1. Search the structure for amide H atoms under 5 Å from the amide H of LEU40, placed 1.01 Å from N in the peptide plane, and list their residues when 5 or more places away or on another chain.
2. Would you please state the base-10 log of I(q)/I(0) at q = 0.09 1/Å for the chain, with intensities from the Debye formula using one equal scatterer on every alpha carbon?
3. For GLU128 and HIS82 in one chain, what is 0.36 nm times their gap in residues minus the Cα-Cα distance, to one decimal in nm?
4. Would you pull out the residues with amide H under 5 Å of LEU53's amide H, same chain only if 5 or more places away, H placed 1.01 Å from N?
5. What does the charge dipole of the chain about its Cα centre add up to, to the nearest 20 debye, if the Cβ of each Lys and Arg holds +1 and the Cβ of each Asp and Glu holds -1?
6. Residue-wise, which Karplus ³J(HN,Hα) couplings in Hz belong to region 121-134, taking 6.51 cos²θ - 1.76 cosθ + 1.60, θ = phi - 60°, and x for glycine or proline?
7. Could you work out the mean projected area of the convex hull around the alpha carbons of region 61-138, in square nanometres to one decimal?
8. Percent of alpha carbon pairs in region 4-61 separated by more than 19 Å?
Amino acid sequence: MIEVVETRVASAQAALLRGPARKAYESFLDDLAHRGCAALGYRVTGPAPLPRLCVRHLRDNDRVVVAFEGSARAWIVLVGPHEQTDPGRNVYDALYELAGTWPTDNTRRTKPSCCDPRTGTPPSADAEVIDDLVRRARALARGGRRMW
């Protein structure tokens, strides 16, 4: 069983989900706890630390971003919509801000499996990367910045 932990930002974002979107998220949490990286769709591409993060489409345009700390703990980093027409409501823009890096226009966006195809293990982010993402998320929350 995988320990699933939400950042404060992800917890606040998940609290905004209602109805079928909330059910999809809760089902995902259970799936993640039981199947680990197999519950995710793909890894994010781009500069570090993005390839250490995985995404799952929940329902409609809702996404969840996860970082694995080894194979025993999964951090829910962000939960939110993928709104290409509204940068203020785009989970990927929020992710790039948290990670402190943005893919370049010429970055080829592939969607490799979250699990390593040879070993079946998740892309593990070291504690420093996780701590940095959590620290940045807290700073954004403390700064009164709404992420949606």
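Just so it is clear, none of the values below were taken in a lab; they were calculated from the coordinates. Treat the numbers as computed from the prediction; the structure is a model and nothing was measured. Here the Cβ is made from the backbone with ideal geometry for all residues, glycine too, and neighbour counts use every protein chain on show.
1. Residues meeting the criterion, in which the H sits 1.01 Å from N, do not exist here.
2. -0.24
3. Working: separation 46, 0.36 × 46 = 16.56 nm, distance 2.70 nm.
Going from the current span to full extension adds 13.9 nm.
4. Long-range HN contacts for LEU53: VAL44.
5. Around 220 debye, computed over the chain.
6. Karplus values, whole Hz, x for Gly and Pro: 9, x, x, 7, 9, 6, 4, 5, 5, 4, 4, 5, 4, 5.
7. Numbers: hull surface 24.3 nm².
Average projection, Cα convex hull of region 61-138: 6.1 nm².
8. Details: 571 of 1653 pairs.
Beyond 19 Å sits 35 percent of the P(r) for region 4-61.
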